[in-house]
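Below: the structure, in structure tokens.
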Amino acid sequence: MHVRNGDNPLKRWKWILIGMAMVTVPVPVSAQVSLATVVELAQRNSGAVRLAETDVQKAAAALAQTQDAYIPNFALGSTVGYSHGFPTGQPSVGSATMQSLVLSFSQRQYMKAARAGLEAANLRLKDAREQVALEASTAYIELDTVNRELEAAHQQETLAKDLVRIEQERSEAGVDSALELLQTRLTAAQLKLRRLHLETRAALLAKQLAALSGLPANSLSPNHESIPEIPAVSGDATPRTLAGIEAAGALARSKSFQAHGDDLSWRRPQIGFGAVYNYDSDELNSYSTYYKNFTPNNISFGFQISVPFFDFSLRAKARQTAAEALRARIEAEQAQRQSEVQVAELTGSLRELDTLAEIASLKQQIAHEQLQAVLAQVELGNGASAQPQLSPKAEQLARIDERQKFQDSLDAGFDLAKARLSLLRALGHMEDWLQELHAK
């Protein structure tokens, strides 16, 4: 029997559908995201920033409320109802009322307090945005540093595998002892552990950045070129007042105005204006029977003058707000002193970290030069030198040591960058960093 192997349309369509399904399956792609983008997304996504924005809206509404007290309000109403016998209420079918504040010594202080409160809310919003920018920048730079260290760690692990192979061969040939082979395996295991530690650290930082920015953790890949150089600031630089400290001062002023307004409330008179219009009807009651001069349209208006004499509740409230104002002023002074202490601490640690970074960089350069010397000796020998020619084992050890010094230099550089960013924030120069970041 002969079987014809021709094209099967069903089989062809099956492979087409499989290919389309493979194309449409979403595959997480890790794309490079700039530092400016991460900072901007973090500021938009931050819960602290959004809470500060709601505080600004609340403070703006409070200011509008104090100002609107002088604008007459207007309300419509009706009290239609049936009554039998002597009327117990005004038979108003429709009514309109209008009220407003005309003169209040306290209200002017309350308006000043509301303006200072709005200023404090805006400053707290600025401070929250700067804090989120600091956290996002620090995490981004650390993730970039860890990724570069991971590359060196993978290279170290590859070198360690070659070193174990070389030592295995030397041990089998009787050149080296079994102890040296065990030590080499221990070195390889320690390098593997360090690589695992870096991978865990990178995953944690990616999760942290994802929580800050709202981006998927598997799509975050830092772009090293997007990180501008951090200025080498010092504590001797001219400090600017932090937004958080300014906010504390504005809040203290707001509390002070509030306390002054409460104190004036029981010392000064208050004048208000009111007007009422009523359209009355006696169809559902006998109002006209008892009141001969009954008219459907009635209007009244006038001023209300209030002069406090003995109002102990207002005096107690004034004492309460005065104590709150004093507390706010003390807290603002404490925030200023804490900021000065923080600048001093960061300045001292920055000098040490700067020196440590220099030492780590010099060690990395020395290790690189030593590696070049080892490579030259392995390749060319020692010539007329009495020392024996170096083996491939020495080459692998020199390469591993150079990669280790490179990672140490990256770690020291990150610690220095983190301290510089923190000092920028403490000195009030974070806004300059953000402008440079967005310009880059």
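The values are calculated or read from the model by the stated rules, or taken from the named source; none is laboratory data. For clarity, every value in this text was computed on a predicted model and none was experimentally measured. Cβ: placed from backbone, ideal geometry, glycine included. Neighbour counts: every protein chain shown.
Numbers below:
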quantity: Positions within segment 263-273 being crowded, with 16+ Cβ neighbours inside 10 Å and either under 13 Å from S92 (Cα atoms) or in contact with a helix residue (DSSP H, G or I) (Cβ under 7 Å, 6 or more places away or on another chain) (or both), in sequence order; calculated: D263, L264, S265, W266
quantity: Flag if A206 is touching a Phe, Trp or Tyr at 6+ places or on another chain (Cβ under 6 Å), under 19 Å from H224 (Cβ atoms) and either at pLDDT 90 or above or buried (at least 21 other Cβ atoms within 10 Å of the Cβ) (or both); calculated: no
quantity: Cβ-Cβ under 7 Å pairs, at least 6 apart or on other chains, segment 61-85 side at negative phi, far side modelled with pLDDT of 90 or more and among the basic types (K, R); calculated: L63/R115
quantity: Breaking point among (1) at pLDDT below 90; (2) over 30 Å from G274 (Cβ atoms), for R329; calculated: (1)
quantity: Among (1) farther than 23 Å from R319 by Cβ; (2) in contact with a strand residue (DSSP E or B) (Cβ under 9 Å, 6 or more places away or on another chain); (3) modelled with pLDDT under 90 - the single one R268 does not satisfy; calculated: (1)
quantity: Some residue of segment 249-263 being basic (K, R) and in contact with a Gly (Cβ under 6 Å, 6 or more places away or on another chain); calculated: no
quantity: Index of the failed condition, T355 passing every other in (1) touching a helix residue (DSSP H, G or I) at 6+ places or on another chain (Cβ under 8 Å); (2) closer than 18 Å to L416 by Cβ; calculated: (1)
quantity: Selection status of T37, at pLDDT 70 or above, over 30 Å from S106 (Cβ atoms), out of contact with any Cys (no Cβ under 6 Å at 6 or more places or on another chain) and assigned to a loop (DSSP other than H, G, I, E, B); calculated: no
quantity: Residue, surrounded by the fewest Cβ atoms within 10 Å (Cβ to Cβ), within segment 213-227, restricted to residues that are touching a helix residue (DSSP H, G or I) at 6+ places or on another chain (Cβ under 7 Å) and assigned to a helix (DSSP H, G or I); calculated: H224
quantity: Qualifying position, being closer than 30 Å to A48 by Cβ and out of contact with any strand residue (DSSP E or B) (no Cβ under 9 Å at 6 or more places or on another chain), among T158, T184, T200; calculated: T200
quantity: Candidates I245, I230, filtered to the one that is within 22 Å of the chain's Cα centre (by Cα) and in a helix (DSSP H, G or I); calculated: I245
quantity: Selection status of E119, out of contact with any helix residue (DSSP H, G or I) (no Cβ under 6 Å at 6 or more places or on another chain), over 30 Å from Q304 (Cβ atoms), crowded, with 16+ Cβ neighbours inside 10 Å and modelled with pLDDT of 90 or more; calculated: no
quantity: Check on S306, touching a residue at least 12 places away in the same chain (Cβ under 8 Å), more than 19 Å from L101 (Cα to Cα) and over 23 Å from the mean Cα position of the chain (by Cα); calculated: no
quantity: Matching residues, segment 381-423, being at pLDDT 80 or above, over 17 Å from A357 (Cβ atoms) and not basic (K, R); calculated: A394, E395, Q396, L397, A398, I400, D401, E402
quantity: Among (1) in a helix (DSSP H, G or I); (2) surrounded by 15 or more Cβ atoms within 10 Å (Cβ to Cβ) - the single one V276 does not satisfy; calculated: (1)
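Residue-by-condition table, conditions (1) within 15 Å of the chain's Cα centre (by Cα); (2) assigned to a helix (DSSP H, G or I); (3) buried (at least 17 other Cβ atoms within 10 Å of the Cβ):
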{"site": "D127", "(1), (2), (3)": "yes, yes, yes"}
{"site": "E130", "(1), (2), (3)": "yes, yes, yes"}
{"site": "A152", "(1), (2), (3)": "no, yes, yes"}
{"site": "Q156", "(1), (2), (3)": "no, yes, yes"}
{"site": "L159", "(1), (2), (3)": "no, yes, yes"}
{"site": "D176", "(1), (2), (3)": "no, no, yes"}
{"site": "K192", "(1), (2), (3)": "no, yes, no"}
{"site": "A211", "(1), (2), (3)": "yes, yes, no"}
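Every residue, every condition in (1) crowded, with 19+ Cβ neighbours inside 10 Å; (2) over 42 Å from the mean Cα position of the chain (by Cα); (3) among the hydrophobic types (A, V, I, L, M, F, W, C), yes or no:
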{"site": "A42", "(1), (2), (3)": "yes, no, yes"}
{"site": "E53", "(1), (2), (3)": "no, no, no"}
{"site": "A60", "(1), (2), (3)": "no, no, yes"}
{"site": "Y70", "(1), (2), (3)": "no, no, no"}
{"site": "N73", "(1), (2), (3)": "no, no, no"}
{"site": "T79", "(1), (2), (3)": "no, yes, no"}
{"site": "A96", "(1), (2), (3)": "no, yes, yes"}
{"site": "S100", "(1), (2), (3)": "no, yes, no"}
{"site": "A113", "(1), (2), (3)": "yes, no, yes"}
